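The values are calculated or read from the model by the stated rules, or taken from the named source; none is laboratory data. Please read these numbers as outputs of a predicted model, since none were measured by experiment. Here the Cβ positions follow ideal geometry from the backbone for every residue, glycine too, while neighbour counts run over all protein chains shown. With ligands, DNA and RNA removed, areas are computed over all heavy atoms of the protein, side chains included. Shrake-Rupley method; radii C 1.70, N 1.55, O 1.52, S 1.80 Å.
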Amino acid sequence: YWVLDAYTISSSYPYSTYTEIEYNGQKRDINYIRNSIKVIINSYTGEIKYYITDRTDPIAMPYRKVYPKLFQDLDADIAKHLTYSEFLYNVQATMLEEYHNTKADVLYRSDNTWEKATYKNGQTSSSKNKNILKPYYTMVTNENGENTIGLIQMYTQKNKQNITSYLVGTVENGQNKLTLKTLHSDTSILGPTQLDTQIAQDENIQSQIDGLSVTGAKITRNMIIVPVDNTLLYIEPVYQTLVN
């Protein structure tokens, strides 16, 4: 079975901030989006079924009344196989950079803005040679102590490098759930860029990485930060690709 995410969107939702989305090369300004429908496709027969995952969606529910035979309620067997929509998560993660604190005076001053963590791409320290740490799926522990698949996005304070918070997107009982973890202001957690600097200064590690940088080879590095209990585990895969 293939699982496709379906979305309800609008640009007319009252008292809501606009954001820009891009899909299939087309950009659109919206101020409302939900991942209220999951589409299940049988890869052998081509049968398609539409399941409502959010019965509070004011757009999806009228469609269900118009097409009562098209939409079905989500059952538990299907719900346990669902993961958080990466498209929706990216929209929400970007909005949280500004709106994680909804106090009027904080929003007015704009002095508590976050940005997505970045990491270096290669051996140079140039600010232009950095990548945004994009969301990634990994195993996380939910509130019931169970392991599940979740999306992770790390944040730093704007123009800073230390990790200040991270966002976890999971699906529980068929419902999308966002959990924002904010680190204590007294903590000092290394960001990916700072860790890359430490790796570059470690002669043992750096010599092994340099040994992969031979003629005809391309080195690709990535950064993954996995929450484990009350700690953050940093993983940086290093790939050597031989170029003909």
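If the condition is being under 21 Å from E97 (Cα atoms) and either within 19 Å of the chain's Cα centre (by Cα) or part of a strand (DSSP E or B) (or both), then the range 10-30 contributes T19, E20, I21, E22, K27, R28, D29, I30. For the range 1-25, the set of residues classified as loosely packed, with under 10 Cβ neighbours inside 10 Å and either aliphatic (A, V, I, L, M) or touching a residue at least 40 places away in the same chain (Cβ under 8 Å) (or both) consists of W2, T17, listed by residue number.
Yes or no: L233 on the phi < 0 side of the Ramachandran plot, open to solvent by 60 Å² or more (accessible area, probe 1.4 Å) and either outside any loop (DSSP other than H, G, I, E, B) or touching a helix residue (DSSP H, G or I) at 6+ places or on another chain (Cβ under 9 Å) (or both)? Show your work before the answer.
Values: on the phi < 0 side of the Ramachandran plot: yes; open to solvent by 60 Å² or more (accessible area, probe 1.4 Å): yes; either outside any loop (DSSP other than H, G, I, E, B) or touching a helix residue (DSSP H, G or I) at 6+ places or on another chain (Cβ under 9 Å) (or both): yes.
It is true that L233 is on the phi < 0 side of the Ramachandran plot, open to solvent by 60 Å² or more (accessible area, probe 1.4 Å) and either outside any loop (DSSP other than H, G, I, E, B) or touching a helix residue (DSSP H, G or I) at 6+ places or on another chain (Cβ under 9 Å) (or both).
Taking first residues from the range 63-80 that are assigned to a loop (DSSP other than H, G, I, E, B) and partners that are aromatic (F, W, Y) and modelled with pLDDT of 90 or more, the Cβ contacts under 7 Å between residues at least 6 apart in sequence or on separate chains come to L70/Y50; L74/Y51.
Out of all the residues in the range 211-227, which are of a type outside the set (A, V, I, L, M, F, W, C) and within 24 Å of L133 (Cβ to Cβ)? Steps first, please.
To start, the set of residues in the range 211-227 that are of a type outside the set (A, V, I, L, M, F, W, C) comprises 211, 213, 215-216, 218, 220-222, 227.
Scanning the range 211-227 gives S213, K218, T220, R221, N222, P227.
When residues in the range 141-162 are screened for being on the phi > 0 side of the Ramachandran plot and touching a helix residue (DSSP H, G or I) at 6+ places or on another chain (Cβ under 6 Å), 0 of them pass.
Picking from S165, S185, which residue would you name as being assigned to a strand (DSSP E or B), among the polar types (S, T, N, Q) and either touching a Lys or Arg at 6+ places or on another chain (Cβ under 8 Å) or free of Cβ contacts under 8 Å to residues at least 12 places away in the same chain (or both)?
Working: S185 fails: assigned to a strand (DSSP E or B).
Going through S165, S185 in turn, just one is assigned to a strand (DSSP E or B), among the polar types (S, T, N, Q) and either touching a Lys or Arg at 6+ places or on another chain (Cβ under 8 Å) or free of Cβ contacts under 8 Å to residues at least 12 places away in the same chain (or both): S165.
Looking only at residues that are out of contact with any Phe, Trp or Tyr (no Cβ under 9 Å at 6 or more places or on another chain) and in a helix (DSSP H, G or I) in the range 81-95, which one is surrounded by the most Cβ atoms within 10 Å (Cβ to Cβ)?
Start the filter on the range 81-95 by keeping residues that are out of contact with any Phe, Trp or Tyr (no Cβ under 9 Å at 6 or more places or on another chain), which leaves 82, 89-92, 94-95.
Pick out the ones that are also in a helix (DSSP H, G or I) and you get 89-92, 94-95.
Details: Y89: 23, N90: 17, V91: 18, Q92: 20, T94: 16, M95: 13.
Once the filter is applied, the top-ranked residue is Y89.
Exactly one residue out of R55, R28 is basic (K, R), open to solvent by 30 Å² or more (accessible area, probe 1.4 Å), more than 19 Å from Y89 (Cβ to Cβ) and without any contact (Cβ under 8 Å) to a residue 60 or more places away in the chain: that is R55.
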